[in-house]
1. Quote to one decimal, in nm, the extra length available between residue 33 and residue 46 on full extension: 0.36 nm per residue of separation minus the C-alpha distance between them.
2. Measure off 7 Å from each Cα along the Cα-to-Cβ vector at residue 116 and residue 90, then give the distance between these two points in nanometres to one decimal.
3. Which translational diffusion coefficient, to the nearest whole µm²/s, is obtained for the stretch 2-103 from the Stokes-Einstein equation, given a Kirkwood hydrodynamic radius over C-alpha pairs, 25 °C and 0.890 mPa s?
4. What number, in percent, do you get for the relative contact order of the stretch 8-101 if the mean sequence gap of Cα pairs under 8 Å and at least 6 apart is divided by its residue count?
5. Sort 129, 162 by Cβ crowding within 10 Å, fewest neighbours at the top.
6. Quick check on packing: order 5-11, 52-58, 80-86 by the mean number of other C-beta atoms within 10 Å, highest mean leading.
7. Enter the mean projected area of the convex hull around the alpha-carbon atoms of the stretch 13-67, in nm², rounded to one decimal.
């Protein structure tokens with residue numbers, strides 16, 4: 001994660017990325033590898049998993065990030081990690097569409113698992129906040145950038161969902177490797 005560098009070092013690398021330094025982008029991508037890997041595992045459909053590994057997907061996303069690094073300058077108000085996550089999700093989407101067209105699936109194929117009754121009871125935005133904060137381990141600030149809700153609003157909604165879950169009669173597994181997590185993505 002980017003935490004292994006101090007804020008000044010990260011900003012220096014980001015400045016180098018804006019200037020077109022591919023090595024700086026590679027460094028920043030590598031520092032985010034663990035979090036991006038978890039997100040890829042969570043967001044990839046079974047069809048994409050059968051086509052490629054998470055490692056191969058991350059290599060494709062890394063190459064895309066290097067090719068598109070000048071776009072980061074345009075998105076300078078966003079966090080670097082949120083931008084890299086966007087590149088990763090776009091890469092998954094492109095691959096998913098290719099796999100879907102090859103398999104005859106029209107549009108997006110369905111996730112393998114069915115959401116629990118508790119997850120179905122949440123609003124779409126509360127489900128997304130839960131996934132972003134808990135499974136993808138994004139900060140309130142990063143989740144705020146993605147959802148357009150203030151960091152305080154994200155925190156409040158996340159805590160409300162966690163409290164509702166604690167009061168629910170059933171349990172929902174909260175491990176990124178647990179069955180059914182892909183349904184929440």
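1. On the way: separation 13, 0.36 × 13 = 4.68 nm, distance 2.12 nm.
Here the answer is 2.6 nm.
2. 3.5
3. Estimated diffusion coefficient is 175 µm²/s.
4. Numbers: 70 pairs, mean separation 35.0, N = 94.
This gives 37 percent for the stretch 8-101.
5. Least to most surrounded, the residues fall as 162, 129.
6. Top of the packing list down: 80-86, 52-58, 5-11.
7. For the stretch 13-67, the mean projected area of the Cα convex hull comes to 3.7 nm².
Values quoted throughout were computed directly from the atomic coordinates according to the rules given, and no laboratory measurement underlies them. Keep in mind the model is a prediction, meaning the values are calculated, not measured. Cβ atoms come from the backbone with ideal geometry, glycine included; neighbour counts cover every protein chain shown.
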